[in-house]
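J.: One structure, as structure tokens, below. Some questions next.
Nothing in this text is a laboratory measurement; each read-out follows from the coordinates by a stated rule. These numbers come from a predicted model, not from an experiment. Methodologically, a virtual Cβ is constructed for each residue, glycine included, from the backbone with ideal geometry; neighbour enumeration extends over all protein chains shown.
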Amino acid sequence: MSKTIKDLTAGTAGGIAQVLVGQPFDIVKVRMQTAPNGMYSGMMHCAGGILKNEGPLAFYKGTLTPLLGIGVCVSIQFGVIEYMKRLFTHRNIASGIGGSTGKDLNAGQLVASGVAAGLANGFVSGPVEHIRIRLQTQPSINPPYNGPFDAMRKIYTAHGIGGIFKGQGVTFLREATGYGVYFLAYEKLVQREMRLKGIRREELSPMNAVLYGAAAGYALWAVIYPIDMIKSRMQTDGFTPTTGRKYASSLDCAKQVWRSEGPKAFLRGLGPTLIRSPFANGATFLGFEMANRFLNSL
């Protein structure tokens, strides 16, 4: 099995772990981000309303899409980041930098690797998250879509490929910015651990993989949350003026939200995100590191 295939497979394991752990928190975040101002007094009010009105399974509404799609997304992220790390390692060896193995990548190299991973990931995460958000926010009575494939079919039939990729520009901005920071934080923490303890990467403890993944997740959301809120608004907006479109563009969306709801609106739903982040991102890196370690032992 080639190194790239191993990276992609391990990334898929990390993505599945992320979805199973983080999905209930994510639906609360999306509901709060996209609800009219004042609908929810807080995270518990929103979660309690979902539980009371839709039942416990509602917290996994739209899970099939992310389970399939986010598994692919995280696979792409790790496939690209590991490829870029190997590319920079070869360059470092040729230049005589990066330590004896060339693997001590500097901050610029790690950010560039993360940005590449984010942009590659964005081609899949944009439509996947769009469909997921449509399913998460549709009414439980007479919903317009009967699952992810029905949603994709209906949206494509009515609005073409542009409808499927609605909000794609702001998705690319979020992914490039976020994953540059995400992988920088994680890899620098891993480098520090290896340097201080004199260990190889495969000797990194599972607990530290979880902790460093959690820290990377907080770094990511600290940078991208307002961008993510705009993305959610764009991906729940109408497709045309006749179907209730409110925003002409992502920039127009940001301006309208600022004028009508104030700066606090850009942080709405942050609570469940901060609670979800350490669990979901810790699970992601744990899943990747453990799966990668197993595959490399074969």
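J.: What whole-number volume per residue, in cubic angstrom, does the convex hull of the C-alpha atoms of the chain give?
T.: Working: hull volume 42.2 nm³, N = 298.
Dividing the Cα hull volume of the chain by its residues yields 142 Å³.
J.: Also, I was wondering about something else. Highest first, please rank the peptides 251-257, 23-29, 275-281 by the mean number of other Cβ atoms sitting within 10 Å of their residues. Walk me through the intermediate numbers first.
T.: Values: 251-257: 16.1, 23-29: 23.6, 275-281: 20.7.
Per-residue Cβ counts within 10 Å, averaged per peptide and sorted highest first, yield 23-29, 275-281, 251-257.
J.: Also: Evaluate Rg over Rh across the stretch 182-298, taking Cα atoms for both radii and Kirkwood's formula for Rh. Don't jump to the answer; show the numbers that get you there.
T.: On the way: Rg = 19.5 Å, Rh = 16.7 Å.
Result: Rg/Rh = 1.17.
J.: A follow-up question, please. Using only Cα atoms, find the angle between the long axis of helix 43-54 and the longest principal axis of the chain, and express it within 0 to 90 degrees, rounded to the nearest 10.
T.: 60
J.: Any chance you could list P(r) for the stretch 3-144, counting all Cα-Cα pairs in 10 angstrom bins from zero, rounded to whole %?
T.: The calculated distribution, bin by bin, is 11, 31, 25, 18, 10, 4, 0.
J.: When we measure straight from the Cα of residue 85, which aspartates and glutamates land under 20 angstrom away, once same-chain ones fewer than 8 places off are left out?
T.: 7, 104, 175, 187, 193, 202, 203, 289
J.: Related question: Given points 7 Å out from each Cα along the Cα-Cβ axis, report the residue 41 to residue 106 separation in nanometres with one decimal.
T.: About 5.4 nm, to one decimal.
J.: If I model a spin label as a point 7 Å beyond the Cα along the Cα-Cβ vector, how far apart are those points for residue 2 and residue 222 in nm?
T.: 3.8
J.: Taking only DSSP H segments of four or more residues, each worth -39500 (n - 2.57), what value at 222 nm results for the chain once the sum is divided by all its residues, to the nearest 500 deg cm²/dmol?
T.: On the way: 9 runs with 225 residues, N = 298.
One gets -27000 deg cm²/dmol as the mean residue ellipticity at 222 nm.
J.: Suppose R0 equals 41 Å; then what is the FRET efficiency for residue 245 and residue 51 from their Cβ-Cβ distance, rounded to the nearest 0.05? Mind dumping the intermediate values first?
T.: Details: r = 31 Å, r/R0 = 0.77.
Computed FRET efficiency for residue 245 and residue 51: 0.85.
J.: Nearest 10 degrees is fine. How inclined is helix 250-261 to the longest principal axis of the chain, computing both from alpha carbons?
T.: The helix 250-261 is inclined about 60 degrees to the chain.
J.: Helix 206-236: angle to the longest alpha-carbon principal axis of the chain, degrees 0 to 90, nearest 10?
T.: 30
J.: Are any of the pairs 29/61; 6/61; 103/188 more than 19 Å apart by Cα-Cα distance, and if so, which? Intermediate results must be reported in sequence, preceding the final value.
T.: Details: 29/61 13 Å; 6/61 31 Å; 103/188 12 Å.
The answer is 6/61.
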